[in-house]
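Single-structure report; data block below.
The values are calculated or read from the model by the stated rules, or taken from the named source; none is laboratory data. Model, not experiment: these values are computed from the prediction. Neighbour counts run over all protein chains shown; Cβ positions are idealised from the backbone, glycine included.
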Amino acid sequence: MSDDAEMATRRLKLKLALEDLREMKGSGTELVTVIIPPDRQVSDARQMLQNEHGQAANIKSKSTKKNVQGAIESAISLLSKYGNAGERGLALFTGAIIVGNNKTRHTTIIVDDPPKPLLSFRYRCDSKFELTQLEDMLIDKKSYGLFVIDRAEAAYGIASGKRIHVQEFLVSNIMGKHRQGGQSAQRFERLIEEAAHNFFKRAAEHACSYWLPELENIQAIIIGGPGATKDFVVKNDYFHHEITKKIAKPTFDVGYSNESGVRELVDNAGGLMGEIELDAERKVVTEFLEELVKQHPKATYGERMIRQALEQGAVAKLLISEGMRKNVVTIECKSCSNEWTVSIGRMDALPACPKCKADGDDLKEISSVSLIDEFTLLATKGRAEVKFVSTDTEEGAQLDSGFGGLAAVLRYPIM
């Protein structure tokens, strides 16, 4: 797998883990967070936890003391499996979480392959987990300023990661170029140009006020519009001098100067905005869709067909929606000893035994692995390129809702 694909995989796995961790709450201060940066010894963390275990004996509430000591014991046991914290460190979250009806369930989540190195050691015992360092890793700070304008309207915003945000849409209300009320043609033309100047100035000032606080992270300012106005505004210094330094060349022709124009600007400037990946994401989904309608398509979708294609080594590109939330779970039936594997949503209940129809407490979950992890591993073995597709674009939403979040471009057609 390429470095970019590995980073995307680590980011998505962290995103899924954080979704679960944010929802978890404990009764009192019973949830234990241990964060170990790569330059810190795991043995030091275990020794610190041993000391905390002794201190927890002073907790007055018997149930709280039991849960806190149980969480610390679990953390110590888990850390004993690690010789070191790894290249980027590890984070451990364990404790008794509230599951409703005054019931709790012990849970443990370990993040031992974060996208970036953890910065500082952290131990916390609280009613919720400490997630700040991990959440900061998902913030994509690289961005592009977007600005479209003509004489009638303007819009501006920012693109970051795979997301486009339109901050404001402005209307000029400039009078049309025709004579009115007996005014001289020259005077009327002067009033129109003065109104246009004021509108250009207002639009540029609004955009600059929005961009300047984020200027350090803005890679470039992309300008577009349906006519020559965009070039006039750039050439006549309507923008703040610090913004002007980041205006990219060339400007781009787009059909509108509203929110649709901003999104069209991203489409047209896709090559220039390679870091944002919107253009690449759109192209790979389009490639799949175009291939799918051919008589002998080199494309397939759905869990069963893609698994088959991966096992055959037929997959060239594996498309996985970032909205995918399934796990491959192995279940044992306590009633009839039947064992089977099924793909279910991460928060779904275990399905009834297909053999004896037993359910609920008669079922035991033996193992569970994310479908994303399993398919990514199969793709790596088959030398397939893995593409994670967000749900923020029209194409990404179509992959998630229309194709179950899984699709593949193949090396050759399969039956």
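Does LEU138 satisfy the criteria of being surrounded by fewer than 18 Cβ atoms within 10 Å (Cβ to Cβ), touching a residue at least 12 places away in the same chain (Cβ under 8 Å) and not charged (D, E, K, R)?
On the way: surrounded by fewer than 18 Cβ atoms within 10 Å (Cβ to Cβ): yes; touching a residue at least 12 places away in the same chain (Cβ under 8 Å): yes; not charged (D, E, K, R): yes.
Yes: the conditions hold for LEU138.
Looking for something closer than 30 Å to PHE388 by Cβ, β-branched (Val, Ile, Thr) and either not assigned by TED's automatic domain parsing to the domain that holds GLN133 or not in a helix (DSSP H, G or I) (or both) - is there at least one such residue anywhere in the stretch 13-29?
To start, the set of residues in the stretch 13-29 that are closer than 30 Å to PHE388 by Cβ comprises 13-25.
Subsequent filtering for residues that are β-branched (Val, Ile, Thr) retains none.
The answer is no, given that none of the residues of the stretch 13-29 is closer than 30 Å to PHE388 by Cβ, β-branched (Val, Ile, Thr) and either not assigned by TED's automatic domain parsing to the domain that holds GLN133 or not in a helix (DSSP H, G or I) (or both).
Would you confirm whether any residue within the stretch 386-399 is loosely packed, with under 14 Cβ neighbours inside 10 Å and either within 30 Å of GLN295 (Cβ to Cβ) or assigned by TED's automatic domain parsing to the domain that holds ARG163 (or both)?
First, pick out the residues of the stretch 386-399 that are loosely packed, with under 14 Cβ neighbours inside 10 Å: 394.
Now restrict to residues that are either within 30 Å of GLN295 (Cβ to Cβ) or assigned by TED's automatic domain parsing to the domain that holds ARG163 (or both): 394.
Taking every residue of the stretch 386-399 in turn, at least one turns out to be loosely packed, with under 14 Cβ neighbours inside 10 Å and either within 30 Å of GLN295 (Cβ to Cβ) or assigned by TED's automatic domain parsing to the domain that holds ARG163 (or both).
Filter the stretch 201-257 down to residues that are of a type in the set (A, V, I, L, M), without any contact (Cβ under 8 Å) to a residue 60 or more places away in the chain and surrounded by 15 or more Cβ atoms within 10 Å (Cβ to Cβ), then give me how many there are.
To start, the set of residues in the stretch 201-257 that are of a type in the set (A, V, I, L, M) comprises 203-204, 207, 212, 215, 218, 220-223, 228, 233-234, 243, 247-248, 254.
Of the ones still in play, those that are also without any contact (Cβ under 8 Å) to a residue 60 or more places away in the chain are 203-204, 212, 215, 228, 234, 247-248.
Subset that is surrounded by 15 or more Cβ atoms within 10 Å (Cβ to Cβ): 203-204, 215, 234, 247-248.
So the count comes out to 6.
Could you please find all residues in the stretch 7-59 being of a type in the set (Val, Ile, Thr) and under 22 Å from GLN69 (Cα atoms)?
In the first step, residues of the stretch 7-59 are kept if they are of a type in the set (Val, Ile, Thr); the result is 9, 29, 32-36, 42, 59.
Residues satisfying the conditions are THR29, VAL32, THR33, VAL34, ILE35, ILE36, VAL42, ILE59.
From ILE366, ILE344, ILE320, which residue is within 30 Å of ARG411 (Cα to Cα), free of Cβ contacts under 8 Å to residues at least 40 places away in the same chain and in contact with a strand residue (DSSP E or B) (Cβ under 8 Å, 6 or more places away or on another chain)?
Numbers: ILE366 fails: within 30 Å of ARG411 (Cα to Cα); ILE320 fails: free of Cβ contacts under 8 Å to residues at least 40 places away in the same chain.
Residue meeting the stated conditions: ILE344.
Within the stretch 53-74, does at least one residue satisfy the condition of being under 27 Å from ASP136 (Cβ atoms) and touching a Leu at 6+ places or on another chain (Cβ under 6 Å)?
Yes, the stretch 53-74 contains at least one residue that is under 27 Å from ASP136 (Cβ atoms) and touching a Leu at 6+ places or on another chain (Cβ under 6 Å).
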